[in-house]
Each structure stands twice: as structure tokens, then as C-alpha cells.
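For reference, the structure discussed in these notes is given below.
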Ligand code: 5GP
Ligand code: MG
Ligand code: MG
């Protein structure tokens with residue numbers, strides 16, 4: 001792990017390394033490319049901000065090399081919940097910029113935990129008339145197996161721990177880390 005950056009001191013353990021992420025993103029892009037090669041107008045990537053921002057950038061580049069062509073949309077949602085668990089009640093903070101009717105949509109997600117946010121989002125995209133919707137999620141936690149949400153492409157199954165890095169934050173920090181890891185307990189105590 002240690003590349004000598006300031007954040008290494010705050011990380012207890014690296015769960016997924018930068019190299020593992022890079023290899024997996026390329027592999028996911030290859031699968032999506034093969035399955036969607038004949039999408040007539042290419043695919044419409046919908047990134048769920050902010051956590052998926054790194055994944056979106058890297059995944060879109062990899063998919064771009066292989067085809068089909070893609071377009072990018074960004075949505076921001078907030079799920080109301082008690083503390084750290086989401087409730088499934090979702091508010092749109094930033095909506096799609098345009099019509100997705102008839103389009104082949106690929107939702108680019110950072111992590112599926114309870115799956116409540118995602119399941120709401122899929123219903124929403126359906127209601128906007130997408131012709132097909134697939135989900136690519138870089139990480140999945142064990143809780144997610146209980147949820148009847150079809151995530152077609154999953155990068156890594158990770159333990160049920162709170163992780164940061166590669167887009168995932170704690171109090172808006174640590175998104176820029178190139179790897180995914182668990183914070184030291186004292187970081188939470190610092191507040
Ligand atoms: P869900 O509705 O599936 O419970 O919520 C998923 C969202 O919660 C993810 O898109 C992500 O933003 C956030 N989340 C879930 N697990 C983690 C985690 O371990 N670390 C961070 N930073 N965010 C998480
Ligand atoms: Mg997310
Ligand atoms: Mg967050």
C-alpha cells in the first residue's frame with residue numbers, strides 16, 4: 001500500500017489495491033463491451049454522484065477503447081435514513097439532463113450495501129422510459145444479497161465494513177485515495 005502519501009497514516013488496512021482496481025475495471029469494461037456491442041446508439045452511462053466518480057472516469061475510458069460508444073449522465077441522490085443506514089426514501093439532488101427514453105442505460109455505482117438506493121433508482125430510470133437498464137457496481141457488501149436488485153456486473157465482494165477511497169468518503173474526505181481501505185479507529189474519534 002504505502003506510497004508515502006499523507007493518507008496512508010489514517011488507513012488501518014487496504015482492502016483492494018490500486019492495481020486490483022485497475023485490473024478489475026478493465027475486466028468489467030470488457031464484459032460490458034461484449035454484452036452491449038450491438039446497442040444501436042451506444043450506451044448511456046449514468047453515474048451516481050459522488051461516490052462513483054472515480055469508477056465512472058476509469059470505466060468509461062476502458063469501455064471507450066473497446067466500444068460501443070457511450071454518453072455520460074450524472075445524477076445525485078440523497079437517501080434519508082437513521083445515521084449510516086439508508087431508508088430507501090430517496091430525494092433527487094441532481095436529475096438527468098436529458099431524455100433517456102429508448103436508451104440502453106448502464107448505471108455506474110460505487111457500492112451496493114442495503115441496495116435500497118439502487119432499487120429506487122432503477123424504478124426511476126424505468127419510469128423515464130429507458131429501453132434497457134443494467135447495473136455495474138464496483139463493490140458489493142454481504143447485506144446486498146438480501147435485496148432483490150439485479151446487479152449484472154460486480155467488481156468485488158467486500159466484507160461488511162465501512163470503507164473509504166476511490167470515490168468513497170468519510171465526511172467528504174478520502175475520496176481521492178487510489179485504493180480502498182478501512183480507516184483507523186482514531187480517525188473517527190477525531191471527529
Ligand atoms: P445502500 O442504499 O445500498 O445501502 O447505499 C449505498 C450507498 O451508501 C453507496 O452508494 C455509498 O454511497 C454508501 N456506502 C455504502 N457502504 C459504504 C462504505 O463502506 N463506505 C462509504 N464511504 N460509503 C458507503
Ligand atoms: Mg452510490
Ligand atoms: Mg458518502
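The numbers here are math on the coordinates, done by the rules we state, and not lab data. Not measured: the values here are computed from a predicted model. Because the Cβ atoms are built from the backbone with ideal geometry, glycine has one as well, and the counts that use them run over all protein chains shown.
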- Message: Nearest 10 degrees is fine. How inclined is helix 18-35 to the longest principal axis of the chain, computing both from alpha carbons?
- Response: 10
- Note on the structure: What helix-only [θ] at 222 nm does the chain give? Using -39500 (n - 2.57) per DSSP H run of at least 4, over all residues, to the nearest 500, the answer is -8000 deg cm²/dmol
- Query: Can you give me the Cα centroid spacing of the range 1-39 and the range 47-73 in angstrom?
  - Reply: 13
- Can you tell me the relative contact order of the chain? Whole percent, Cα pairs under 8 Å, sequence separation 6 or more. 24
- Message: Over all directions, the average projected area of the alpha-carbon convex hull for the range 19-158 comes to how many nm²?
- Response: 8.0
- Message: I need the calculated FRET efficiency for the pair residue 41 and residue 124, taking r as the beta carbon distance and R₀ as 22 Å, to the nearest 0.05.
- Response: 0.60
- Among bridges DSSP assigns within the chain, what percent are antiparallel (round to 5)? 35
- Could you tell me which of rounded, prolate or oblate describes the range 100-191, using a ≥ b ≥ c as the square roots of the eigenvalues of the alpha-carbon gyration tensor, with rounded for a/c under 1.5 and, failing that, prolate when a/b is larger than b/c and oblate otherwise? prolate
- Message: If you fit an axis through the alpha-carbon atoms of helix 53-66 and take the longest principal axis of the Cα set of the chain, what angle between them do you get, 0 to 90°, nearest 10?
- Response: 50
- Item | Estimated FRET transfer efficiency (residue 99, residue 152; beta-carbon r; R0 30 Å; 0.05) | 0.80
- Message: Using only the alpha-carbon atoms, how far is helix 116-127 inclined from the longest principal axis of the chain? Give it as 0 to 90 degrees, nearest 10.
- Response: 20
